[in-house]
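Enquirer: Have a look at this one.
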Amino acid sequence: MEFYESFMKFSFADSDVFCIEADPLVVNSTGQKACECVVLLSPRVAFIEAKASAPKEVASSAFMDEIKRKFADSLRLFNEIKNKQHGDGAFNRLPIRLRELSIDPQSYLICLIVHGHQLDWLVGLQDAFRDAMREVVTEWNIQDSNVRVYNEETALESKLIVAYIPKEERDSVRETDAKSNMSAEKAKEWFHLHNTNL
């Protein structure tokens, strides 16, 4: 499965990835939030959220509250689906390897990818992210070291993404203007035109 988010290209085996953000339990809910996807990165399971940018004052911003909520809701919902609390239909929407795998929540990876974030800012962002996630990781007994922040370069090195659009070319794939969101169709065309995994 391939998809495009926040100027980055993701590609995982269909049997390994659950696009939880697009699941009916999220789409048809008024209050449910979710990260982009849950993916088997054997032997771990990673919850991945992608953002096109992050504010400089991340520690005191609504940005972290939103991210925390997305991961907290995703962890809860994924485990409810795994335990068939939403019925067989929801369980069967999970890809086969996530359905069959016995998963210890302690081994979950929580991955935030921020496109365009400078390398020397990542440590500060990761510290703020881990602080914001403290209550959530305590509830699920997830180690701090499993809560990770990446930019597009480190995400590519870690094989969380397969390609990205350089920061200076992002405006060419936005919906309408320089302040709008990425157009998935334009991003797909960009990657096809450049025929590259950067």
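The values are calculated or read from the model by the stated rules, or taken from the named source; none is laboratory data. Owing to the predicted nature of the structure, the values given are computational and were not obtained by experimental measurement. Here the Cβ positions follow ideal geometry from the backbone for every residue, glycine too, while neighbour counts run over all protein chains shown.
Enquirer: From (1) modelled with pLDDT of 95 or more; (2) surrounded by fewer than 17 Cβ atoms within 10 Å (Cβ to Cβ); (3) among the hydroxyl-bearing types (Ser, Thr, Tyr), pick out the condition that doesn't hold for Ser29.
Expert: All conditions pass for Ser29, except number (1).
Enquirer: Something else now. Which of the helices (runs of 4 or more DSSP H) contained wholly in segment 1-114 include at least 3 residues that are out of contact with any His (no Cβ under 8 Å at 6 or more places or on another chain) and closer than 30 Å to Glu189 by Cβ? Outline the logic, then answer.
Expert: Working: elements: 24-27, 62-82, 87-92, 96-100.
The helices (runs of 4 or more DSSP H) meeting that bar are 24-27, 62-82.
Enquirer: Okay, moving on. Please go through (1) closer than 23 Å to Met1 by Cα; (2) buried (at least 16 other Cβ atoms within 10 Å of the Cβ) for Ser158 and return the number of the only condition it doesn't satisfy.
Expert: The single condition Ser158 does not satisfy is (2).
For (1) of a type in the set (S, T, N, Q); (2) within 16 Å of Ser74 (Cα to Cα), each residue gets a yes or a no:
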site: Arg97; (1), (2): no, no
site: Cys111; (1), (2): no, yes
site: His115; (1), (2): no, no
site: Asp127; (1), (2): no, no
site: Glu139; (1), (2): no, yes
site: Asn151; (1), (2): yes, no
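Enquirer: Moving on to the next point. If I filter segment 64-93 down to residues being without any contact (Cβ under 8 Å) to a residue 12 or more places away in the chain and small (Gly, Ala, Ser), which single residue comes out as surrounded by the fewest Cβ atoms within 10 Å (Cβ to Cβ)?
Expert: Here the answer is Gly87.
Enquirer: Step by step: first the residues of segment 47-62, then only those that are surrounded by fewer than 21 Cβ atoms within 10 Å (Cβ to Cβ) and touching a strand residue (DSSP E or B) at 6+ places or on another chain (Cβ under 8 Å), then the one that is modelled with the lowest pLDDT. Which residue is that?
Expert: Once the filter is applied, the top-ranked residue is Ser53.
Enquirer: Pull up segment 156-193, narrow it to residues that are aliphatic (A, V, I, L, M) and over 30 Å from Leu109 (Cβ atoms), then point me to the one that is modelled with the highest pLDDT. Show your work before the answer.
Expert: First, pick out the residues of segment 156-193 that are aliphatic (A, V, I, L, M): 156, 160-163, 165, 173, 178, 182, 184, 187, 193.
This time we only want the ones that are over 30 Å from Leu109 (Cβ atoms), so: 178, 193.
Values: Ala178: 61, Leu193: 91.
Selected residue: Leu193.
Enquirer: Also: Report every pair of residues separated by at least 6 positions or lying on different chains whose Cβ atoms are under 7 Å apart, first residue within segment 1-24 and more than 23 Å from Pro43 (Cα to Cα), second charged (D, E, K, R) and surrounded by 21 or more Cβ atoms within 10 Å (Cβ to Cβ).
Expert: Listed pairs, sorted by first residue: Glu5/Glu36; Met8/Glu152.
Enquirer: With the requirement that a residue be in contact (Cβ under 8 Å) with a residue 60 or more places away in the chain and either surrounded by 18 or more Cβ atoms within 10 Å (Cβ to Cβ) or under 17 Å from Leu109 (Cβ atoms) (or both), what does segment 121-138 give you?
Expert: Leu125, Ala128, Phe129, Ala132, Met133, Val136
Enquirer: Hey, another quick one. Working only within segment 63-112, note down all residues that are under 19 Å from the mean Cα position of the chain (by Cα) and more than 24 Å from Asn141 (Cβ to Cβ).
Expert: Listed by number, the residues that qualify are Phe63, Arg93, Pro95.
Enquirer: Here is a further query. Return the total of residues in segment 81-114 being under 30 Å from Leu125 (Cα atoms) and of a type in the set (Asp, Glu).
Expert: 1
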